[in-house]
Amino acid sequence: MQNIINILDKNGLIFAFLVVGVIMYLSFLVGKKVTNNKIPAAAIAISFGLFIAYFGKGEKGIAAIPAFSGMALLGGAMLRDFSIVSTAMGASFSEIKKAGLAGVISIVLGIVIAFFVGGVIAYFMGFTDAKSLTTIGAGACTFIVGPVTGAAVGASSEVIAISIAIGVIKSVFVTIATPIIANKIQLNNPHTAMIYGGMLSTTSGVSAGLAATDMKLVPYGALTATFSTGMGCLLCPSILYYIVQQFI
Amino acid sequence: MKIYGVAILAACYLVGQFIGDWFGRLFDMSGNLGGVGFAMILLILLNDYLNKKKLLVPETEQGILFWSSMYIPVIVAMSATQNVKAALIGGWVALIVAIIATSVCFLLIPLIAKINRIKK
């Protein structure tokens, strides 16, 4: 047994690939069989990740257990930011022009409003330092913007976990709510789909929500949502963090 | 070669980190200010430019797309290494922030959708 743990520990990153691969597979299975593809597999997988972190110890979650130390490398700041930057390949400035002024406004406003609404609620629920408020506000944008911002401003692991949870709940909420309220917000054309993507920012939630509403609208929403996520990674740890510091 | 794509991505990432770090010093704040966001903008600009010049071959693109397909698994690994026990104490915060902040954004969609229509 000790031998096995030694080998897994020495090859931490490789074992982490295996562990995450199995988690992804199980999540897709649960998403398909249990929720009939209604909840995005990404949201299930991240919830799964948060769930197993509970069995670890303190600050490092599951990585505190020797065999799982590689999870900290795979999920560390370097690989995380590297893979997030690569998602920008799904966006293009020539495409975004088609969304027009309203599209650009939605991309900025989606971030700013989620950030400040999230931050103000967190303030009234007992968080008082600028780093935590900024990270929670960023989590209200997406589960990517939250941890990227948290790491950049130096927030605690606990607050970063809350920001991921906010982003995951948002993704699931957007997925479920979209088909229900699509008619009320006239979400039946590419123009509104682009504004919807920009306002809600969460690419996984937006894609799954639009797929349940009208498959043809998915690329429009996903494009502005990707832009919005990038905008969040840009604004939250910089200008918005600066503004929060002026108030606190 | 796929490594060209990975190298392009690495270049955008590093330049973004430099810009973020530089901004951090400029405003005298700890940490990296928007480095990931700058890197994303750089990659979008470079992607647009290379596509226009027809310099981006699919093989090169694959090197970048591999990493973008890895981002959810990486986020899963990151979630698994957070201090979830402590975060659970603030569990209500997550639920309330997510629902209210998202609802406000939902409500504003019809208003913003009107902007272009008024201009027309």
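The values are calculated or read from the model by the stated rules, or taken from the named source; none is laboratory data. Here the structure is a predicted model, which is why all the values come from computation and not from measurement. Counting neighbours? That spans all protein chains shown, and the Cβs are built from the backbone with ideal geometry, glycine included.
Could you run through segment B:47-58 and say how many residues are aliphatic (A, V, I, L, M) and surrounded by 19 or more Cβ atoms within 10 Å (Cβ to Cβ)?
The number of residues fulfilling the criteria is 1.
Consider A:Val145 against the criteria (1) over 16 Å from A:Arg80 (Cα atoms); (2) in contact with a helix residue (DSSP H, G or I) (Cβ under 7 Å, 6 or more places away or on another chain): it satisfies all of them except one. Which criterion is unmet?
Of the numbered conditions (1) over 16 Å from A:Arg80 (Cα atoms); (2) in contact with a helix residue (DSSP H, G or I) (Cβ under 7 Å, 6 or more places away or on another chain), the odd one out for A:Val145 is (1).
Test A:Ala102 against the stated conditions and say whether it is without any contact (Cβ under 8 Å) to a residue 24 or more places away in the chain, in contact with a Gly (Cβ under 9 Å, 6 or more places away or on another chain) and either crowded, with 24+ Cβ neighbours inside 10 Å or facing another protein chain (nearest Cβ under 9 Å) (or both).
Criteria not met by A:Ala102.
Condition check: surrounded by fewer than 22 Cβ atoms within 10 Å (Cβ to Cβ) and touching a residue at least 60 places away in the same chain (Cβ under 8 Å). Does A:Leu109 satisfy that?
Taking the combined requirement at face value, the residue satisfies it.
Kindly provide the set of residues from segment A:233-248 that are over 11 Å from A:Gly137 (Cα atoms), part of a helix (DSSP H, G or I) and more than 10 Å from chain B (Cβ to nearest Cβ), ordered by number.
A:Ile243, A:Gln246, A:Phe247
Table: residues versus (1) more than 26 Å from B:Asn83 (Cβ to Cβ); (2) assigned to a loop (DSSP other than H, G, I, E, B); (3) of a type in the set (S, T, N, Q); (4) at pLDDT 95 or above.
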position	(1), (2), (3), (4)
A:Val148	no, no, no, no
A:Ile169	no, no, no, no
A:Asn183	yes, yes, yes, no
A:Gln186	yes, yes, yes, no
A:Ala222	yes, no, no, no
A:Met231	yes, no, no, no
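Which of the residues belonging to segment A:53-71 are part of a helix (DSSP H, G or I) and facing chain B (nearest Cβ under 7 Å)?
Selection gives A:Ala53, A:Gly58, A:Glu59, A:Lys60, A:Gly61, A:Ile62, A:Ala63, A:Met71.
Which of the residues belonging to segment B:3-33 are among the hydroxyl-bearing types (Ser, Thr, Tyr), crowded, with 16+ Cβ neighbours inside 10 Å and at pLDDT below 90?
Those that are among the hydroxyl-bearing types (Ser, Thr, Tyr), crowded, with 16+ Cβ neighbours inside 10 Å and at pLDDT below 90: none in segment B:3-33.
So, A:Phe93, is that one of a type in the set (Phe, Trp, Tyr), crowded, with 18+ Cβ neighbours inside 10 Å and either outside the structural domain of A:Gly232 (by TED's automatic domain parsing) or in contact with a helix residue (DSSP H, G or I) (Cβ under 7 Å, 6 or more places away or on another chain) (or both) or not?
Taking the combined requirement at face value, the residue does not satisfy it.
Conditions tested, residue by residue: (1) over 20 Å from A:Ile107 (Cβ atoms); (2) more than 9 Å from chain B (Cβ to nearest Cβ); (3) surrounded by fewer than 24 Cβ atoms within 10 Å (Cβ to Cβ).
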{"site": "A:Ser156", "(1), (2), (3)": "yes, no, yes"}
{"site": "A:Val159", "(1), (2), (3)": "yes, no, no"}
{"site": "A:Pro179", "(1), (2), (3)": "yes, yes, yes"}
{"site": "A:Ala193", "(1), (2), (3)": "no, yes, no"}
{"site": "A:Tyr196", "(1), (2), (3)": "no, no, no"}
{"site": "A:Met199", "(1), (2), (3)": "no, no, no"}
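Among all residue pairs at least 6 apart or on different chains, which show Cβ distances below 6 Å where the first residue, located in segment B:59-70, is more than 7 Å from chain A (Cβ to nearest Cβ) and the second is assigned to a helix (DSSP H, G or I) and exposed (fewer than 15 other Cβ atoms within 10 Å of the Cβ)?
Going by the 6 Å Cβ cut-off, the qualifying pairs are B:Gln62/B:Lys2; B:Gly63/B:Lys2.
Within segment A:130-142, can one find any residue that is within 30 Å of B:Asp48 (Cβ to Cβ) and more than 9 Å from every other protein chain (Cβ to nearest Cβ)?
yes
Could we say that A:Ile166 is facing chain B (nearest Cβ under 7 Å) and over 21 Å from A:Ile239 (Cα atoms) here?
For A:Ile166, the condition - facing chain B (nearest Cβ under 7 Å) and over 21 Å from A:Ile239 (Cα atoms) - is met.
Is it fair to say A:Val85 is among the hydrophobic types (A, V, I, L, M, F, W, C) and more than 7 Å from chain B (Cβ to nearest Cβ)?
When the stated conditions are applied, A:Val85 does not pass them.
Quick check on B:Val36: is it of a type in the set (A, V, I, L, M, F, W, C), surrounded by fewer than 19 Cβ atoms within 10 Å (Cβ to Cβ), assigned by TED's automatic domain parsing to the domain that holds B:Glu61 and in contact with a helix residue (DSSP H, G or I) (Cβ under 6 Å, 6 or more places away or on another chain)?
For B:Val36, the condition - of a type in the set (A, V, I, L, M, F, W, C), surrounded by fewer than 19 Cβ atoms within 10 Å (Cβ to Cβ), assigned by TED's automatic domain parsing to the domain that holds B:Glu61 and in contact with a helix residue (DSSP H, G or I) (Cβ under 6 Å, 6 or more places away or on another chain) - is not met.
Could you tell me whether segment A:53-62 includes any residue that is crowded, with 24+ Cβ neighbours inside 10 Å, among the small types (Gly, Ala, Ser) and at positive phi?
Among the residues of segment A:53-62, at least one is crowded, with 24+ Cβ neighbours inside 10 Å, among the small types (Gly, Ala, Ser) and at positive phi, which makes the answer yes.
Across segment A:14-52, what is the number of residues that are in a helix (DSSP H, G or I) and surrounded by 15 or more Cβ atoms within 10 Å (Cβ to Cβ)?
The number of residues fulfilling the criteria is 22.
I'd like to know if segment A:198-217 contains one or more residues that are in the same structural domain as A:Phe143 (by TED's automatic domain parsing) and farther than 20 Å from A:Pro40 by Cβ.
Checked against the condition, which is being in the same structural domain as A:Phe143 (by TED's automatic domain parsing) and farther than 20 Å from A:Pro40 by Cβ, segment A:198-217 yields no hits at all.
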